[in-house]
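What follows is a short report on a single structure.
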Amino acid sequence: MQDKLLNLGPNGALLYCMEYLLGHMDWLHEQLGEDLDGDYYLFDCPGQIELYTHLNLMKTLARTLETWSFRICGIYTIDAHFLTDSTKFIAGAMSALGAMVNLEIPHVSILTKMDLMSKKDKKRLHSYLEPDSESILMSEVETKWNSKFLKLTAAVGKVLDNYGLVRFYPLDMRRSKDMESLVLMIDIIMGVSEDADVKTQDFDAEEMEAEDNIS
């Protein structure tokens, strides 16, 4: 941040801006307007995880929006490249769980950039959509570099398993059905489409391989 009086770094500046916004919510309300019937508002929030797991800034924002008759759904996204490293994936899943618990709002976790995954990684997709730390860590080979932390990672994974709340949904921008299913699911979560049914679809390895060959 270029303000010489504040002398804040990137993270400090972000926290300052969020606190400033919460102190001027009348301005935000005016910008959003009063007629919200049928409109979608997408808040593209900062990626700094401390806003969602350690502080109440985003939780306060969500609560304020609810008092303005907004129906809230949090969408937590992580890149599909997290699937290439089991310990990194567990860390990402724990971050999603922390945000979910702290924000206390309806929550959807998305695996993005599925179109960039290799065929090999796509075949492992099923074990990551509903994370089971034990099965995921079985593929981790113990070496002199990671032996010290494998037990810690396994213990953290058990916390994830005990909650049993985190499930990921794959999003491939080449597949229009992925986006349609995601929008429908969010509508149902928020009560927008109460009469609609969620359409489920199996993501088998043969189907994904066929799509890769087409592309």
So which residues in the stretch 151-209 are at pLDDT 80 or above, more than 18 Å from the chain's Cα centre (by Cα) and open to solvent by 100 Å² or more (accessible area, probe 1.4 Å), if there are any at all? 174, 177
Would you tally the residues in the stretch 45-56 being surrounded by fewer than 18 Cβ atoms within 10 Å (Cβ to Cβ) and either modelled with pLDDT of 90 or more or of a type in the set (A, V, I, L, M) (or both)? 2
If I go through the stretch 4-53 residue by residue, how many of them are of a type in the set (Ser, Thr, Tyr) and free of Cβ contacts under 8 Å to residues at least 12 places away in the same chain? 2
Of the residues that sit in the stretch 82-125 and are among the hydroxyl-bearing types (Ser, Thr, Tyr) and touching a residue at least 24 places away in the same chain (Cβ under 8 Å), which one is surrounded by the fewest Cβ atoms within 10 Å (Cβ to Cβ)? 84
Can you tell me which residue in the stretch 19-44 is farthest from residue 183 (Cα to Cα), limited to those that are open to solvent by less than 60 Å² (accessible area, probe 1.4 Å) and modelled with pLDDT under 90? 33
Report, by residue number, each residue of the stretch 106-122 that is among the aliphatic types (A, V, I, L, M) and farther than 18 Å from residue 47 by Cα. 114, 116, 117
Checking residue 79 against (1) surrounded by fewer than 17 Cβ atoms within 10 Å (Cβ to Cβ); (2) under 15 Å from residue 168 (Cα atoms); (3) without any contact (Cβ under 8 Å) to a residue 24 or more places away in the chain, which test does it fail? (3)
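The values are calculated or read from the model by the stated rules, or taken from the named source; none is laboratory data. Quick caveat, the model's predicted, so the values are computed rather than measured. FYI the Cβ positions are ideal-geometry reconstructions off the backbone, even for glycines, and counts take in every protein chain you see. Ligands, DNA and RNA are stripped out before the accessible areas are found, and what is left, the full protein with its side chains, is counted by its heavy atoms. Shrake-Rupley method; radii C 1.70, N 1.55, O 1.52, S 1.80 Å.
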